[in-house]
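Below: one structure, written as structure tokens.
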Amino acid sequence: SSQFPLLAASGLCKSFGGIKAVQDAEIQVPASSITGLIGPNGAGKTTLFNLLSNFIRPDKGRVIFDGEPIQHLQPHQIAQQGLVRTFQVARALSRLSVLENLMLAAQKQTGENFWQVQLQPHVVAKEEKQHREQAMLILESVGLAHKAYDYAGGLSGGQRKLLEIGRALMTNPKLILLDEPAAGVNPRLIDEICDRIVNWNKAGMTFLIIEHNMDVIMSLCDRVWVLAEGKNLANGTPEEIQCNAKVLEAYLGQ
Ligand code: ATP
């Protein structure tokens, strides 16, 4: 199955009023890759993420995930299939502990069984224990185990990004869409976030990453897709993209 992409979207279109945010865009994310999505401000990157995860319905287009069309599914169903996303602005609940934030991310997934769970308290206890154990393992893997019982609101920008990734990992995903993991993060922690992404990738996790920090994109990505004005401008290896005349022009023009 490494022959065909884990995620393949084509012909995606989305307009907001008169603004064509995404126009006939395509993207492919091979299984086990770290794939980058770049482009100047307003290029349509976040909109494309919203279309891939169906947070916004496309006007047109097709999204295939793990061999199945998904555009008829709700975002939480898409997450259950193994496609999750993080947001540019981290969404952790600041008055809950770091550990509770992770456990909540797992519970959301089982929300549909809520009435059943209510009738069987021992199931709740068992699930809670499992979620707690999984959360502690994930906190180790994101380097936040020492913060497990602290309020999420007290975390730094970079730690919030790690928590956001941890929340995504709690859903046992196949593919994580990462929206600007390095934005607002101090340089030392950027290196740590990159190292951890590489480690999760080595463990088999696939990533699609929006990022303005070119050092991060160039060091992490197997392949990079470039959007400009809502359209595909280029895709290739980081080296190919770095010296692509059209790409350089699009960035200089902004
Ligand atoms: P940035 O790098 O600055 O985050 P981006 O590449 O993620 O930009 P988008 O946020 O997807 O770009 O925006 C693409 C275009 O669509 C922009 O012109 C933006 O103003 C417009 N747009 C995005 N969302 C909406 C919305 N909900 N309503 C109206 N216009 C929108």
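The values are calculated or read from the model by the stated rules, or taken from the named source; none is laboratory data. On a predicted model such as this, the values are computed, not experimentally measured, just so you know. Cβ coordinates were reconstructed from backbone atoms using ideal geometry, including for glycine residues, and neighbour counts include every protein chain displayed. SASA here: full protein model, heavy atoms, side chains in, ligands and nucleic acids out. Shrake-Rupley method; radii C 1.70, N 1.55, O 1.52, S 1.80 Å.
Given N residues in the chain, what is its alpha carbon radius of gyration divided by 2.2 N^0.38 Å?
The chain yields a ratio of 1.03.
Rounded to the nearest 500 deg cm²/dmol, what is the calculated helix-only ellipticity per residue at 222 nm for the chain, with -39500 (n - 2.57) per DSSP H run of length n ≥ 4?
My calculation for the chain gives -12000 deg cm²/dmol from helical runs alone.
Report, by chain and number, residues whose modeled amide H sits under 5 Å from the one on Ala234, excluding near sequence neighbours (fewer than 5 apart, same chain).
Val226
Sequence-distant or interchain residues sharing an amide H contact under 5 Å with Ser33, placed H: which?
Phe207
For the chain, modelled as a GNM with alpha-carbon contacts under 10 angstrom, which of Ala228, Ala79, Ala125 fluctuates the most?
Residue with maximal mean-square fluctuation among Ala228, Ala79, Ala125: Ala125.
Label points 7 Å out from Cα along the Cβ direction at Ala145 and Asp191: separation in nm?
2.2 nm
Find the relative contact order for the chain and round it to a whole percent, using C-alpha pairs within less than 8 Å whose residues are 6+ positions apart.
Taking the mean separation of contacting Cα pairs over the length of the chain, I get 27 percent.
Calculate what fraction, in whole %, of the accessible area of the range 157-254 sits on carbon and sulfur atoms when a 1.4 Å probe is rolled over the protein chains.
The nonpolar share, carbon plus sulfur, comes to 50 percent.
Under the definition of Cα pairs under 8 Å and six or more residues apart, what whole-number percent is the relative contact order of the range 180-254?
Once divided by the residue count of the range 180-254, the mean separation gives 22 percent.
From the phi of every residue in the range 148-154, what ³J(HN,Hα) in whole Hz does the Karplus formula 6.51 cos²θ - 1.76 cosθ + 1.60 yield, where θ is phi - 60° and glycine or proline is x?
Rounded to whole hertz, the list is 3, 9, 8, 5, 4, x, x.
Leaving out ligands and nucleic acids, note down the accessible area per residue over the chain with a 1.4 angstrom probe, in whole Å².
Here the residues of the chain average 50 Å² of exposed surface.
Which residue, Gly17, Gly154, Gly36, tops the fluctuation ranking in a GNM of the chain built on C-alpha contacts under 10 Å?
Comparing Gly17, Gly154, Gly36 in the GNM, the peak value goes to Gly17.
Here are some pairs, Lys45/Lys161; Lys45/Lys174; Lys161/Lys202; Lys202/Lys231; Lys161/Lys231; Lys20/Lys174; which of them have Cα atoms lying more than 24 Å apart in this structure?
Lys202/Lys231; Lys161/Lys231; Lys20/Lys174
Step through the residues of the range 54-67 one at a time and calculate ³J(HN,Hα) from phi using the Karplus curve (6.51 cos²θ - 1.76 cosθ + 1.60, θ = phi - 60°), rounding each to whole Hz and writing x for Gly and Pro.
Here the 3J(HN,Hα) series is 6, 5, 10, 7, x, 5, 8, x, 9, 10, 10, 10, 6, x Hz.
Can you work out D for the range 134-254 in µm² s⁻¹ from Stokes-Einstein, where Rh is the Kirkwood radius over C-alpha pairs, the temperature is 25 °C and the viscosity is 0.890 mPa s?
Translational D for this selection: 157 µm²/s.
Could you tell me how many degrees, from 0 to 90 and to the nearest 10, lie between the Cα long axis of helix 98-109 and the main elongation axis, the longest principal axis, of the Cα atoms of the chain?
So the helix axis and the longest Cα principal axis differ by about 80 degrees.
So how much accessible area does Asp66 have, in Å² to the nearest 10, using a 1.4 Å probe?
For Asp66, the solvent-accessible surface is approximately 70 Å².
Counting only DSSP beta bridges with both residues in the chain, tell me the antiparallel percent, nearest 5.
Around 55 percent antiparallel, to the nearest 5.
Taking the chain as a Gaussian network, Cα atoms linked when under 10 Å apart, which of Ile209, Ile56, Ile27 shows the biggest mean-square fluctuation?
Checking each option, the largest mean-square fluctuation is seen for Ile56.
Assuming 0.36 nm per residue, please report the length gained on full extension of the stretch Leu96 to Cys13 beyond their Cα-Cα distance.
26.1 nm
Please list, in order along the range 162-179, the HN-Hα scalar couplings obtained from phi with the Karplus expression 6.51 cos²θ - 1.76 cosθ + 1.60 (θ = phi - 60°), rounded to whole Hz, x for Gly and Pro.
After applying 6.51 cos²θ - 1.76 cosθ + 1.60, I find 5, 5, 4, 5, x, 4, 5, 4, 4, 8, 6, x, 9, 9, 10, 8, 9, 9 Hz.
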